[in-house]
1. Take the conditions under 18 Å from Phe642 (Cα atoms), out of contact with any Cys (no Cβ under 6 Å at 6 or more places or on another chain) and in a helix (DSSP H, G or I) and apply them to Ser508. Does it pass?
2. Cβ-Cβ under 6 Å, sequence separation 6+ or interchain: first residue in the range 596-609 and at pLDDT 95 or above, partner near the ligand (Cβ under 8 Å from one of its atoms) and of a type in the set (Val, Ile, Thr). Which pairs?
3. So Lys58 clears everything in (1) within 12 Å of Leu76 (Cβ to Cβ); (2) surrounded by fewer than 15 Cβ atoms within 10 Å (Cβ to Cβ); (3) touching a Ser or Thr at 6+ places or on another chain (Cβ under 7 Å) except one condition, right? Which one?
4. Restricting to the range 535-545, and then to whatever is of a type outside the set (A, V, I, L, M, F, W, C) and touching a helix residue (DSSP H, G or I) at 6+ places or on another chain (Cβ under 8 Å), can you tell me which residue is nearest to the ligand (Cβ to nearest atom)?
5. Given (1) surrounded by 17 or more Cβ atoms within 10 Å (Cβ to Cβ); (2) touching an Asp or Glu at 6+ places or on another chain (Cβ under 8 Å); (3) in a loop (DSSP other than H, G, I, E, B), where does Tyr521 come up short, assuming only one miss?
6. Can you tell me which condition Glu549 does not meet? The list is (1) more than 17 Å from Met571 (Cβ to Cβ); (2) away from the ligand (no atom under 16 Å from the Cβ), and all the others hold.
7. Does Leu657 satisfy being closer than 19 Å to Leu491 by Cβ and touching a residue at least 12 places away in the same chain (Cβ under 8 Å)?
8. Sort through Lys180, Lys184, Lys143 and tell me the only one that's basic (Lys, Arg), within 28 Å of Glu31 (Cβ to Cβ) and not assigned by TED's automatic domain parsing to the domain that holds Asp47.
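The values are calculated or read from the model by the stated rules, or taken from the named source; none is laboratory data. Please read all numbers here as calculations on a predicted model, not as lab measurements. Glycine also receives a Cβ, built like all others from the backbone with ideal geometry; neighbour counts cover every protein chain displayed.
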Amino acid sequence: MATETIKVPDIGGSEDVEVIEIGVAVGDTVEAEGTLVTLETDKASMDIPCPKGGKIAKILVKEGDKVSEGSPLVELESEGAGDDGDTQESTSEPKSEEKSESKEAAPKKEASGKSSSGGSEVDIPVPDIGGSEGVEVIEICVKAGDEVSEGDSLIVLETDKASMEIPSPQGGTISSIALKEGDKVSEGDLIGKMKTAGGSDEEATEKETSSSEAPAEKPAQAAQSGGAQDVPVPDIGGSEGVEVIEVCVKEGDEVSEGDSLIVLETDKASMEIPSPVSGKVKSIALKEGDKVSQGDKIGVVETTGGSAEAAPKAEADTKPSESASSKAEPAEQKAESSGSPATATAASEQVINSGDVYAGPAVRKLGRQLGVDLAKVKGSGPRGRVTKDDVRDYVKNIVTTSQSGGGAVAGAGGAIPRVPPVDFAKFGEIETVKMSKIKKLTADNMTRSWLNVPHVTQWDDVDITEMENFRQGLKAEAEKRGTKLTPLPFLLKACASALAAEPSFNVSLHHDGEHMVQKKYIHIGMAVDTPNGLVVPVIRDVDKKGLWELAEEALTMAKKARDGKLTAAEMQGGCFTISSLGAMGGSGFTPIVNTPEVGILGVSRAQMKPVWNGSEFVPRNMLPISLSYDHRAVNGADAGRFFTYLSGVLADVRRLLL
Ligand code: CAO
């Protein structure tokens, strides 16, 4: 029995990587390749496997620690690893060839990757990428411990012209990834290491050799027929039945040599097929969704210059079976071609943005799955590249906006037809003035309420002759008190009394759609007209306050509102709102419910009117009021009772004492 210190293996040069999970406890028996800890950088996370089986004697790190290659992780008691009881050292995948034989319970392989029974660890190099140098790694698709099949994407590379997924050359388990996003790589650079399911490296090396010795490619030619020439699908790396995802031109379009005609896409890559010649598109033989292979006719171009040879050249002679599993070539090329520089350039350099959109194939695919027009998505990646997150955020925004109704501001709206833009300047002089924040908020709130709340409004003329007599009689006293007694405090008090008498109006609909919230407090908002727009301060506990107190508070709140000094808290918590246009005039209006409240009282200007008292017409001071309510929460009978009660109290304010 020997005790070994298991250290952090080669983690691609990353330093001070955080331990985010400890996968074992002291006393645990672990098998070779069992996860000891998980490390995470801001770009990737990786499981660190145990290089051999044994029992955990001590854990030398804790969650949150920062480690680098060589940092001790655990002490492992292992059998048969030298019986002298010495403490030895090991990493899960030592880089050095000088490690003793006894430490090779877990397969360890160097670049050339010698085979061992039951599979071997091999290096995965960057394959032929068409001669490009220093190509950026924009995505790491796998992490240590992942099982991959031949052809699964390992990383995505991107130049300013092309993006390409680099597939695994064979099936197996990823032991380590040597790259991180942002790294620059060229052919031959180490992507990582994998433990193969079987087979030997010699085989792989052989295949690699055979593929790299692939014969040179022959130029493909567009069939020419005088001025009009057929444009066939060029060499697309041997892929068959590739989907046409976009037809970029239509009959009659003028195209220059190199302009995109169509865009093809497999599940791994997308590529634009450029016109081999300049001229006029005479016909297009394809449509979106068609499946094409090399040689299929794209259409006919009436030439004005250029040559057929401008079409992507290269026709691989390599046998499919040889190259398919031999090299990690860009996916588009692996089925048949050798991945020689010419081919890689032909295919991969066209793996790009359709139109003005700069996005990789995986992002394009996601965009198509979600029905997103990538041209509308703002790219946050390097050089404005659209990332998967950008696409998701774009969709999330749309969904959130449509669910909240927040985006349905004046002129817009979910399923509501848009109000078409009008050029008012055509009809006379205009000035376009920016809306204040309050006005925009009001517009949002009104739209939300108008679209969500089924409104009912009912009207009445209330005889406030006695109330007005009483109020006029108090005017002198109000002056002495330094305040002003308008009809508003009476209205506040009357509404509070009605809300207490008819609690069906003192509710809000619960957002779950299943419940009503019955309020046990009575806070009432009053709409105040200010230079910046409409605001609604809330007077709290109206039922507990007297007329003088309400008069003072209404004055204070109205002043604060006009001075723009209301706090957010002073505009929240209302149960009901009063909107009084009494000072301005008018004989009635439909107030809009200040949702989530369920009712609002509109007050218009009181007027002396002849009223029939049963035997004669008498002059009475009549106040027009209108009550709007949310018919989802309040039914007509409740509203009728509330309104009658309110009118009764206003007609005889002594009832407020009852
Ligand atoms: N009928 C007749 N006269 C009325 C009246 C009515 N319904 N309401 C108020 N008046 C009188 C007042 O008594 C006062 O006259 P006196 O000085 O002779 O007493 C005069 O009109 C001015 O009143 P006021 O406006 O100073 O005070 P108020 O308490 O009536 O109103 C406030 C305060 C803040 C509600 C009001 O100033 C305001 O901003 N109203 C606009 C609200 C609004 O824009 N609503 C529309 C919302 S859209 O849905």
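1. Taking the combined requirement at face value, the residue does not satisfy it.
2. Leu601/Ile578
3. (3)
4. Checking each candidate, the answer is Pro537.
5. Every listed condition holds for Tyr521 apart from (1).
6. (2)
7. no
8. Just a single option satisfies the conditions, and that option is Lys143.
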